[in-house]
Each structure stands twice: as C-alpha cells, then as structure tokens.
Amino acid sequence: MAWGIGLAWMLPFVGVAMVAFRPLSQTSFGWWNLSPFTVTVDNLIAAWNNPGCPLSLGLRDSFLVALPATIIPMFVGALAGYGFARFQTRTRDYVFLSVVLLMAVPQMMVAVPVYNLMIALHLVSSLWSLILLHSAWGIPWILLFMRNFFRSLPPEIEEAARVDGASDFKIFFRIVLPMSLPAMAAVVVFQFMWVWNDFFFAQVLIQNANWYLSTQCVPRLVGQYVRPFDLLSAAAILTMSVPVALYIILQRFYIRGLIGWTIKG
Amino acid sequence: MNRRGGGLLPRLTSLLPEPATIQRWLRSQAKFLSFFLPAAILLVVLVIYPIAATLTLSFLGPDGGFAGLQNYGSVLGSPDTFNSACLQQGLPCGTLLNNLIWTGIHLPLTLFMGLFLAVLLQNVRGASIVKSLVFLGMVTPLIVIGVVLRFILEAPIGLVPGFFDWLGIRSLAVNWIANPSTLLFGLILGTVWSWTGFSMVVYSAGLTTIPKDYFEAARVDGASEWQIFRKITWPLLRPVTLVIVTMTILWELKLFDIVIGATAGSQQGGVGGAADVLALQMYRYFFIIDYNRAAVVATLLTIFTLIVAVVLFRRLLTAPRRKKRRRLTPSVRRMEARRVGPEEAGGSEVVT
C-alpha cells in the first residue's frame, strides 16, 4: 500500500519524463499511450540549444547566481547568528525577534524599491543584483537556524580558548565554524535550492533575455498559439534535475534543515 | 563611587554612569556589532528600507503627492481583486477571493493527506523511500510544478482529461487549463499534490517525539486505534499542526510561480483570470509601472502574512500547555505525570 502511494504520487513526474524522453509524435495525444515507445534525448538537446531561451545558458546563470548567493549569506548569517547566540542582551533579543519576523514578509513587499535601487546602481539584468538580493533575503532564516545551533554547542570550549587569549573572531573561525559543519551543510542545501527555485525575484530583476535564469526560461517556451510540450517537458526536467539531484545526495541535511527550521529538532 | 558636595559639575557627572561602565558597554556593543554588522547592512539596504519604501509608495499618488487611502480603495474596489458577482455568475472571483478559496480547500486537504501518510508510513518497511518520493514535489521549483501540472490537466496530452474521457464523463473531459471553472480547482489539487510532502515530513518528525509507551499503554487499557489517534496522537501533535498550518497559509498567500507555469501562453492568471492570485496581480501592476497599486497589493499581502506569523510566534512563545484532563486511559496519565520534565522541554519552539 505504501509503495502504491509512493508510485501514484510520482505519476505527474512520470508523465513529464514520458514526454521529455520520447518523440512528441508518440505522446501528443496522451503520454500514457505506450506504443510505439522509443527513447530519445533529442528533446533535451533541443531545449538545451533552444534559440529563444537556451537552457544551457539558463542553467549556467542559475549556477552563477545560486553559488555566491549561498556562500555569502551562509557566512554573514552564521557570523550574526553567533553574535546573537553568545552576546545576548535583552535589547538584542528584540532585534533578533524583528529579524526573524522578516522571514514572513513576502518577496512582493520589496520588489519595487529594490528594482528602483538596482536601476540606480545600473545593476538591473545583471546577475549581481540577484546575488545581492538573495544574500540579504536568506539572512533571517540562516541567522535563526545558526543561532539555535550555536546555542546548542557547549560554551566551555570557547571559554577555554578565550582564557588562552584567542580573539572572538579567531574563536569563531577556528573553533566554532569547524564544529558547525553539519549545520552549515543544511544551510547550503536549503539556501541553494531556495535560490535556484526562485522565480519571482529573477522575473523582477533580470529583464534581458541573454541573462534569463533557467526558471525564467521554462514558461517562455510556451507561446500563445504553440504548445511545444516536448521542449516544455525537457526544460522542466533539466531545471528540476539540479535541486532534485542535490536533494537525493544531501537528503539527510535537507530534512534536518527543514525540521530545524520549523520545529526545533 | 560616591562624590559628595563640591560644585555643580561633579554632582552632574555623578549622575552619569562611570567611565569604566561606559567603556565596557561600548566594547560589548562593538564586539556584537562586529558580528552583526555585515548582516545588518544587507538587511537594512535590501529588506528593511524596501519594506518601508513600499509602504510609503502605497500611500502616494502617481505624481508623488500624498494620496491617503485612495490607492487602497481603487485596488480593493476593483473586480480584479474582489468580484462579488462571482457568487451568482461563477469564476473569476478576483485575486483576494481566489487566495481565500485556495487556502480554504488546500489547507485541510494537505493537512489531512500529510497526517494520513505520516501515520500510515510510521512503521512500514521502506517508508523513507516512499517519503522521499512524496517529498520530491517540495524540492522541485514551483514554476516547474506549474508546468508539470499541464501534463496532468491540459488536453490532449494530460492524464485527467483523458481519464474522464475514458470514463465517459464529458463535463470533466475538457482541457482543465483552458477552462475557467476547472482551472482553479485543478491547480488547487495540484498544490495539494506538491505540498503534501511538507506536512507529511513534519508530521512524521512530530510522531517520533511521542513516546512509544504511550501507545502501548493505551493499547493495554483497551483503546481502539481511532481513540488512540483522537486522544493521544492528535493532541500531542497540536504544536506541529500549528507550524504546518502557518507555513502553508504563508505559501498560499505567496502563490505565484505555479499559476504562471500552468497558464503561460494564455492570459496571465488563466482564462478570464480564473486562477489569478494577489502576488500575480502585484506583478502585473509592477509590469505596467503602476508602482503605487503594486505597493498596495504588496502591503496587503504583508499584512496578511504578518498576522499569520505573529499568531504562530505568540503561540509558540507563550505555549501554555493545557492540563491534560483529556487523557483517555489511566496508565497513559500516570506515564505522562512521570514524563512532564522531558516532554515539556521537547515541545516545539521556533524562536527561542
């Protein structure tokens, strides 16, 4: 029964894969028609090289945004999380609470001013605008997550290092960060996927077809009068392959991040 | 130190904290800021200032002058937002009602499905693989989820129209994407499919925090499986349910990608705006450079999400654990009396 549910849940993905890996002539009247059945990667190649929005460039740009937009907030957020975890005061608790509350603010609330700001900085349609915005946007949850993690670390080790004369930064980078690798891994997986999967910020800030991210390419394959289901399914498979692969490889960290983020685990 | 007598100046300075105290305070602030400053700069420039600017924009006219609540009136009065005629004439209902309908249908379904799967998979061999498969919908980009749904809902390639055609139900054997009355409900069921993984995983984690002997004790006392669920599992999962409900409502309010992915190629928000949502309406205003109205929709969205978030935070921070008069069986009650300590500590807290 359990397996039946798992397989039934996969049905929509199976459908997409069926269309993506077979010629459209075999699937256009329903991907469940199994005869004739030939497997081909032509659709993937066509989507990869599609002249309107090549997935080759889209995937590259998604990587170019997602990698720095994961690393930057990870360090900045961990640093701040350590500050809140170890140098706690009552006023800082209020600052902390308001930063955490920012997590609930929808992306739409910052779109217009950020867009105007990026125009002023000549960064619209530059990947830098997205990297900066995602870095800032990821900080509240990373800060919360890392602070909770740091507070679970025993302070004795740090105190011992302090007695030995190590500075706060040295303690943080030499002692605390190496102990935090599991938590950092969760942050990396989660933040990378979040940035990769984002569509709204990209749609607002990247308006030049040469720099479209892969999530932006997907809906652009559909025209008013054309439904190129072969291209569409191939682009969907390519775009989702990266977060899905990451999830399969680093599942342990992903689930830990999710649980730690929602109910402290 | 206590300086008595002397002139006015020493008396005044004695009111101030000691230099050493100030110095210590400054050093502590500097130490804290050296950790927090990079984050603070990013947050202020790219999150906090834009929030304030959007709020301001929502009260300004296109000429930059103060417009009061005029923008709010024009957005809320527009049939795009709130189409009261939809009760008689059917969809579209407007973005506000669509988000509401979405929440009303999706939230109970996804809670039920997630809990059902979590309980079902609790002690099953290979459950973790099944959970991973169900969870795939959560790691896939939402825009791709929207596209994936086309291979289920859109005729002639999709499964659902083909299935109803095979059953001979003509009224449902239509192109669900191109049909206003089926589009919204098709997409709502689609989000149930893709987001159930979340409630399932969080419920599963919640279930593992309930000590196994509770169930055994209840079974010894002769409780039925349903009674065990009603009186033990469900009440103890309450904090978990609260978290899932909040997160899910937040997502339902921010719906954007799925609708675009599923309706790309036709009118934005679907035929006749049948599946139009608030975030999409905001983006449309942004796109036609009507920043003031875009700001109004964004502000309304933020108000809704903050209300939901604050309710969650307050519940989790105060978390008054109700006394357990509801306990069903004597041995469970005894067990819980013994357990109070660790259980209290294991409760879910998001913030602190």
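Going by the structure shown, is B:Gly61 out of contact with any strand residue (DSSP E or B) (no Cβ under 9 Å at 6 or more places or on another chain) and exposed (fewer than 15 other Cβ atoms within 10 Å of the Cβ)?
Details: out of contact with any strand residue (DSSP E or B) (no Cβ under 9 Å at 6 or more places or on another chain): yes; exposed (fewer than 15 other Cβ atoms within 10 Å of the Cβ): yes.
Yes.
Check A:Val65, A:Val76 and return the single one that is β-branched (Val, Ile, Thr), assigned to a helix (DSSP H, G or I) and over 21 Å from B:Pro141 (Cα atoms).
None of the others qualify; the one that does is A:Val76.
Residue by residue, here is whether (1) touching a residue at least 40 places away in the same chain (Cβ under 8 Å); (2) of a type in the set (Asp, Glu); (3) assigned to a helix (DSSP H, G or I); (4) more than 15 Å from A:Met179 (Cβ to Cβ) holds:
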residue	(1), (2), (3), (4)
A:Phe84	yes, no, yes, yes
A:Gln88	no, no, no, yes
A:Arg92	no, no, yes, yes
A:Phe96	yes, no, yes, yes
A:Leu102	no, no, yes, yes
A:Pro113	no, no, yes, yes
A:Met118	yes, no, yes, yes
A:Ile131	yes, no, yes, yes
A:Glu158	yes, yes, yes, no
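Can you list residue pairs whose Cβ atoms sit under 6 Å apart, with the first residue in the stretch A:182-204 being over 16 Å from A:Leu132 (Cβ atoms) and at the interface with chain B (Cβ under 10 Å from one of its Cβ atoms) and the second being of a type in the set (Ser, Thr, Tyr) and assigned to a helix (DSSP H, G or I)? Count only pairs 6 or more apart in sequence or on different chains.
That search, which allows pairs on different chains as well, returns A:Val189/A:Tyr254; A:Trp196/A:Ser62; A:Phe199/A:Thr215.
For the stretch A:190-249, which residues satisfy the criterion of being closer than 12 Å to A:Ser62 by Cα and not in a helix (DSSP H, G or I)?
A:Asp198, A:Phe199, A:Ile206, A:Tyr212, A:Leu213, listed by residue number.
Of the residues that make up the stretch B:266-285, is at least one facing chain A (nearest Cβ under 10 Å), more than 23 Å from A:Val112 (Cβ to Cβ) and at pLDDT 75 or above? Before you say what the answer is, go through the steps one by one.
Taking the stretch B:266-285 as the starting set, the residues that turn out to be facing chain A (nearest Cβ under 10 Å) are B:266-267, B:278-283, B:285.
If we keep only those that are more than 23 Å from A:Val112 (Cβ to Cβ) too, we end up with B:266-267.
Now drop any that are not at pLDDT 75 or above, which leaves B:266-267.
Scanning the stretch B:266-285, I find at least one residue that is facing chain A (nearest Cβ under 10 Å), more than 23 Å from A:Val112 (Cβ to Cβ) and at pLDDT 75 or above, so the answer is yes.
Quick check, is B:Trp176 at negative phi, buried (at least 17 other Cβ atoms within 10 Å of the Cβ) and touching a Pro at 6+ places or on another chain (Cβ under 9 Å)?
The answer is yes for B:Trp176.
I'd like the residue in the stretch A:103-130 that is β-branched (Val, Ile, Thr) and buried (at least 21 other Cβ atoms within 10 Å of the Cβ) and, out of all such residues, is nearest to B:Arg284 (Cα to Cα).
A:Val112
Going residue by residue through the stretch B:288-297, is there one that turns out to be facing chain A (nearest Cβ under 8 Å) and surrounded by fewer than 24 Cβ atoms within 10 Å (Cβ to Cβ)?
Within the stretch B:288-297 (the criterion being facing chain A (nearest Cβ under 8 Å) and surrounded by fewer than 24 Cβ atoms within 10 Å (Cβ to Cβ)), the answer is yes, since at least one residue qualifies.
Of all residues being assigned to a helix (DSSP H, G or I) and aliphatic (A, V, I, L, M) in the stretch B:225-244, which is surrounded by the most Cβ atoms within 10 Å (Cβ to Cβ)? Just the residue, please.
B:Ile244
The values are calculated or read from the model by the stated rules, or taken from the named source; none is laboratory data. Treat the numbers as computed from the prediction; the structure is a model and nothing was measured. Virtual Cβ from ideal backbone geometry, glycine too; neighbours counted across all protein chains shown.
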